[in-house]
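Heads up: the structure comes next, in structure tokens.
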Amino acid sequence: MNKRVYIKTVGCQMNVLDSEMVIADLKRHGYTVVDSPKQADCVLYNTCSVREHAEEKIYSALGKIRETKQRDPSKLIGVLGCMAQKDQEIVFRRAPYVDLVVGPGQLHTIPDLLEKLRNGEGRQLAVSLKRNEGSQAVIARSHETFDPLRDPAMRPTPFQAYLRIQIGCDKFCTYCVVPNTRGPEQGRSPQQIVAEARTLSDQGCREITLLGQTVNSYKFRSDDGTTTDMADLLEQLHPIDGIDRIKFVTNYPKDMTARLLETIRDLPKVSPYLHVPAQSGSDTVLKRMKRGYTIAEYMEMFDRVQQILPQASISSDFIVGFSGETEDDFRKTIELVERCRFKNSFIFQYSVRPGTKAAERLPDDIPREVKVRRNNELLAVQDAIAQEDNRKLIGRHVEVLVEGPSKKARKDEHGHVVQMTGRTHCDRIVVFDGNRRQAGQFLEVQVDDASSHTLVGRVKTVEVVTIGSTV
Ligand code: SAH
Ligand code: SF4
Ligand code: F3S
């Protein structure tokens, strides 16, 4: 029987990494990867539940595959990830032609489950914590990961990789579905993480991005009682040859300690780029969100970063239109953005998530138009700030890890790509005239122009050897 698999991934970096693991696993079981559902014997969707829109997109993709499945019932359809965990049997009810539903904690069982399906055992469900009856197979709660099994072909680029250091989340912000879909917070052992980073380096990886929902809260207690925190872990990863840049997302404001910031300052490979979502500028909203800090505390953290890491770039996430958010609350969010001048902010309209505290206890009382208006207004303020700050970099030299051709890459008369893109240590996107051979190199680029999201420049040297300039 043919084993051709197609996987579509939505959601955060965790999902990108999970898909890499699933494909690595399936390849070891004789599967090959194809580029379209049409060519595939097995079509997998790795899903996200963080907002309703993310789920709708998947259900609409499932709707489209329905006809294909009717024509060829042997094609196996799987729903993986956060929506699989959240919806469980509901997925089968809404899309009865789905064969397989697997939560983020059970992805390592996919090859077995596919085998069962091929043997005619009927639809398979593998999720944490049983919620409803009526399924064929329910696997007990498990948050095993299979991180050491990596597949370079599925990475963002051959020289950049994600490395999970923490699974799950214990913070239970009232709006957020992630603790329900990803389970309790658990740090992976530093030995495992360091070994995996070495493997990545051996495979040609130059930049690793450490992943965790609250990555800077990372803690691991070993059997002998020693604990390792984020600062310790960075110190252990820093000496690995071949790894030239270390990034980490996402940070939780309350755990951004002076010791961690000093460690980042003292380790040149660690990027002075901190994604530390504030979510709102209003104390009353933050309290309703159960974020665990006030704006005064967020600002204390912010000042600490500026003091210890004056070169750092800081970015944030915001939710607009959360339950009860008044115009005054929203003004405070604008003020916070104006005060902090974030490098960039991801702005989301509040979306009620079944199973969360907010869904149970707080009304979704901000009209859609108001959410849209606040979203646009905040985005305009953030973009204007980013453009102003980026333009201050015109004339400066920045160090760029070249990722590949830019999205709108221009080509010369021979059809060769001439516009490349990369990122600075501080995570700024830079486009410049170049060629594909530069991918994976560190280059010094002079900035000639800038917009809110992109710097435009030209290459000054062939390859930069010193790592650690901070722009
Ligand atoms: N663990 C990370 C990010 C989690 S999800 C953190 O704590 O920052 C990514 C972003 O999605 C969040 O930062 C938040 O801004 C947004 N988000 C989460 N739940 C949401 C919801 N119900 N509606 C709208 N945006 C949401
Ligand atoms: Fe969600 Fe809050 Fe955990 Fe982030 S910290 S994943 S927003 S519960
Ligand atoms: Fe979405 Fe799950 Fe990530 S809900 S944002 S894919 S942790």
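The values are calculated or read from the model by the stated rules, or taken from the named source; none is laboratory data. Given the structure is predicted, the values throughout are model-derived calculations rather than measurements. Please note: Cβ atoms are built from the backbone with ideal geometry, for glycine as well, and neighbour counts cover all protein chains shown. Please note that ligands, DNA and RNA were not included when accessible areas were found on the heavy atoms of the full protein model with its side chains. Shrake-Rupley method; radii C 1.70, N 1.55, O 1.52, S 1.80 Å.
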Would you kindly enumerate the cysteines in the chain that have no other Cys beta-carbon under 4.7 Å from their beta-carbon?
Cys12, Cys42, Cys48, Cys82, Cys169, Cys205, Cys340, Cys426
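From the C-alpha gyration tensor of region 397-459, pull out the three semi-axes of the equivalent ellipsoid (sqrt of 5λ each), sorted largest to smallest, in whole Å.
Values: eigenvalues 66, 31, 18 Å².
Output for region 397-459: semi-axes of 18, 12, 10 Å.
Rg/Rh for region 137-391 to two decimals, with Rh computed the Kirkwood way over all alpha-carbon pairs.
0.98
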Binning at 5 angstrom from zero up to the longest distance, how are the C-alpha pair distances of region 4-127 distributed in percent?
2, 12, 24, 28, 22, 10, 2, 0
Using the Karplus curve 6.51 cos²θ - 1.76 cosθ + 1.60 with θ = phi - 60°, work out ³J(HN,Hα) for each residue of region 58-69 in order, rounded to whole Hz, and write x for Gly and Pro.
6, 4, 6, 5, 5, x, 5, 7, 3, 4, 4, 5
Note down the net charge around Thr68, summing +1 for each Lys or Arg and -1 for each Asp or Glu among other residues with Cβ under 9 Å from its Cβ.
+4
Suppose all protein chains stay in the model; what accessible area per residue would a 1.4 Å probe give for the chain, in Å²?
44 Å²
Summing -39500 (n - 2.57) over the DSSP H runs of n ≥ 4 in the chain and dividing by its residue number, what mean residue ellipticity at 222 nm do you reach, to the nearest 500 deg cm²/dmol?
-10000 deg cm²/dmol
Once the in-chain neighbours fewer than 8 apart are removed, the lysines whose Cα is under 18 Å from Lys254 read Lys171, Lys219, Lys287, Lys290
Exceeding the 26 Å Cα-Cα cut-off - candidates Lys64/Lys357; Lys75/Lys407; Lys247/Lys332; Lys343/Lys408; Lys247/Lys407:
Lys64/Lys357; Lys75/Lys407; Lys247/Lys332
Where a Cα-Cα gap under 17 Å defines reach, which aspartates and glutamates qualify for Lys116, not counting those fewer than 8 residues away within the same chain?
Asp25, Asp41, Asp99
Could you name the aspartates and glutamates whose alpha carbon sits less than 17 Å from that of Lys392, not counting residues in the same chain fewer than 8 places away?
Glu338, Asp383, Asp427, Asp448, Asp449
Ignoring any ligand, DNA or RNA, what whole percent of the accessible area of region 296-396 comes from carbon and sulfur when the probe is 1.4 angstrom?
49 percent
Per residue and in cubic angstrom, what volume does the convex hull of the Cα atoms of the chain have?
165 Å³
Surrounding charge for Ser201, neighbours by C-beta under 11 angstrom, Lys/Arg +1, Asp/Glu -1, total -3
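Provide the percentage of antiparallel DSSP beta bridges, counting only those with both residues in the chain; round to the nearest 5.
Once the DSSP bridges in the chain are tallied, antiparallel ones form about 40 percent.
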Net charge dipole size for region 397-459 [Lys, Arg +1 and Asp, Glu -1 on Cβ; Debye, nearest 20]:
240 debye
